[in-house]
Amino acid sequence: MHKRTRLLSSSCLLGVLLITACEAPSTPAPSAAPEAEAPSTPAQPPAEPPSTNAPATDGPAGNLGSAESALTVTNCRTLTTTLATASGDDGTGSVAANTQDDNLATRWSGPGKGAWLRLDLGSSQSLAGAAIAWHQGDTRQNHFTLETSEDGTTFTQAYAADSTLTTAAQTYRFTGTRKARYLRVTVNGNTVNDWASITEARACGEDTTTPPPTPTPPATDSGPALPRLPYLQSVSTTSALVAFRTGVSCTPFVRFGEGSDISRTATATAAGWQHAVKLTGLLPGRTYSYVVEACGSVTGVRRFQTATGPETKRVHFTAMGDFGTGGTNQTKVLQQLTPARAGEFLLTLGDNAYSSGTEAEFQSNMFKPMAALLREVPLFPTPGNHEYVTNAAKPYLDNFYLPANNPAKSERYYSFDWGPVHFVSLDSNCRSFTIADCTTALQKAWLTQDLAATSRPWKVVFFHHPPWSSGEHLSSTAMRRDYSPIFEQYGVDLVLTGHDHNYERSKPMKGDVVAPAGTRGIPYIVVGSGGATLRPFPGSQPSWSAFRDNTNMGYLDVVVDGGTLTAKFLNTSGAVRDTLTLTKTLPAAVASPSSVSGMSVDTPPGPAYDPTQLPQFLRDQKPVPPADTLESVADEPEPVPATALEQQ
């Protein structure tokens, strides 16, 4: 039973019944068109929403309410506001103080998306939520966030939602309580106009007699659609990044927890438009649920699994390359590669965004068509030559949050551990481009150290240009000569690549030939069949090629279970076109993980955008045509230095 507080004042005849946000509102009576928020000569709304980190400017205090409030509160112990201020008002008396006067005929109204109302409680207190009565709330659904602060300048988001269509006040409970002196309501417009308009607002204190309700995970997305839905990055045994973009600058947060619980909260480190919120304190190999609350948007609950530790003997993952077309072939592959079939994570083998790896192409040809998959399946990519068409792959680096565990602190190449497998992503483009943090010498030295340090019994390396291929580009003998001796020396079990638009598996290779009988070799698999138009093989099948297919789109499904690795090439119908089985004897005891291998270095924070200025990627959202033809996925000439790619 909720605690109720009823306090009286001279204006008690105008009392308001506050109801919880989850209660069904009464059906509003038909009414005339909503009155205009602005006066006859309205203030011009700002062209851009104000920064959510901007300090409040004290406005007129007016006649503030007191502890003798006439409001009847359900599920909220009201706190006294000593001063109410706002980002601005309509210029005709609708000031911030009106939200504290218990008078339903007055209100605060402020122009422009991002307008805010700030309540100063006079001292730091335990806040449990807020109660708000919205002006014309039965005809306008407001998109809003609630933020708290100790100093009135730096605010942390605590709640984000859309208001319920009712004129009665609604109570919004935080997940748990938080210490703060200030409560700020930021309104990002409503379903009628871009104005903010609040009749009454109160901060709710901690209720020690009734525990706060456990939040119920929402099943579907609500509020304004996010320009980019959440995608999972750098998932490890104890942490994960939830990345996404918002259409309004704000400081969002993520509710999360093990199983179906979402009682924990992680908040973005700063206001802005592009976010990667870090979830910490996770446990290895567990399933976690998460919900993003950002600028009035609430995403439906999704789940993912954390990485398993070295004691785990089984892992299931998928891999594909040359897929980022936004076209029909990519769609067919994704219809088969659902979150339920994708395993614990996905490796991508380059050419993630055709045709030039631009910001717009990443959005249109990768993140949009793959949104459902990437919300639940962690992604570990490697760059292709098409990413390097634009500014040496800068959009690629800006869009992903990858382990920076090489000496150059570069995301171009990295490694991570998952269960019994050590994975290494190399950047095979660095041979053709002059990049200070990705020279061949740097990458080879790091690879040698990385492979020597890992104690995981299985090792998988993935990159774009194939050392063995009979496809259109043929073999990159330069990659083979530089890296295959290191692979062989440190016991790499499998190498995955793309670049050629087909599927091909080599026999176990050693040096420049098939490994002699009784000796250990490495199979090289080209999985360039993820969506780009398939190409014919230029010649007959070489003797080193075990299987090849240029008629089926598809992806590679890999399961490591104890001493057996099984890789299957699945087409868009789910049929198995090829199977590879590797076996080895595992050590009796699992060694403790090395401090060098895996994700031992934090992921870089990503690009920073001015929170007060709409970024270019939101200003320029022209549709990108799908890369559905041979011409649209054709390769531009790559730089050819003396040590660049050779062809066999």
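Every number in this text was worked out from the coordinates using simple rules, so none of it is lab data. None of the values given here were measured: they were computed from a predicted structure. Cβ atoms come from the backbone with ideal geometry, glycine included; neighbour counts cover every protein chain shown.
Taking 0.36 nm per residue of sequence separation and subtracting the Cα-Cα distance, how much length would be gained by fully extending the chain between Ala219 and Ser540, in nm to one decimal?
Details: separation 321, 0.36 × 321 = 115.56 nm, distance 5.25 nm.
Result: 110.3 nm gained on full extension.
So, R0 is 25 Å and r is the distance between the beta-carbons of Asn193 and Asp610; what FRET efficiency does that work out to, to 0.05? Spell out each step's value before the answer.
On the way: r = 26 Å, r/R0 = 1.03.
FRET efficiency, Asn193 to Asp610: 0.45.
For the stretch 460-520 and the stretch 141-218, what is the separation of their C-alpha centers, rounded to whole Å?
Here the two parts' Cα centres lie 57 Å apart.
Tell me, in nm to one decimal, what length is gained between Glu150 and Thr564 on full extension, where the rule is 0.36 nm per residue of separation less the Cα-Cα distance? Walk me through the numbers before you get to the answer.
Values: separation 414, 0.36 × 414 = 149.04 nm, distance 5.59 nm.
The Glu150-Thr564 span can extend by a further 143.5 nm.
Please give the peptides 169-181, 272-284, 137-149 ranked by average Cβ packing (other Cβ atoms within 10 Å per residue), highest first, as a rough proxy for protection. Don't skip to the end; give the middle numbers.
On the way: 169-181: 20.1, 272-284: 18.5, 137-149: 22.3.
Most protected by this proxy first, the peptides run 137-149, 169-181, 272-284.
Which distance in Å, rounded to a whole number, links the C-alpha centroids of the stretch 387-446 and the stretch 68-138?
When both Cα centres are located, 51 Å separates them.
On a 22 Å Cα-Cα criterion, which of the cross-link pairs Lys459/Lys584; Lys313/Lys584; Lys394/Lys568; Lys510/Lys584; Lys113/Lys179 come out too long?
Over 22 Å Cα-Cα: Lys394/Lys568; Lys113/Lys179.
Return the distance in nm (one decimal) between the two label points of a simple spin-label model at Glu488 and Ala340, each offset 7 Å from Cα along Cα→Cβ.
Here the modelled spin labels are 4.5 nm apart.
With each pseudo-label sitting 7 Å past Cα toward Cβ, what's the Ser455-Thr287 distance in nm, one decimal?
3.1 nm
Please tell me the relative contact order of the stretch 65-202 in percent, rounded to the nearest whole number, where contacts are Cα pairs under 8 Å and at least six residues apart.
Values: 355 pairs, mean separation 44.2, N = 138.
About 32 percent, as a whole number.
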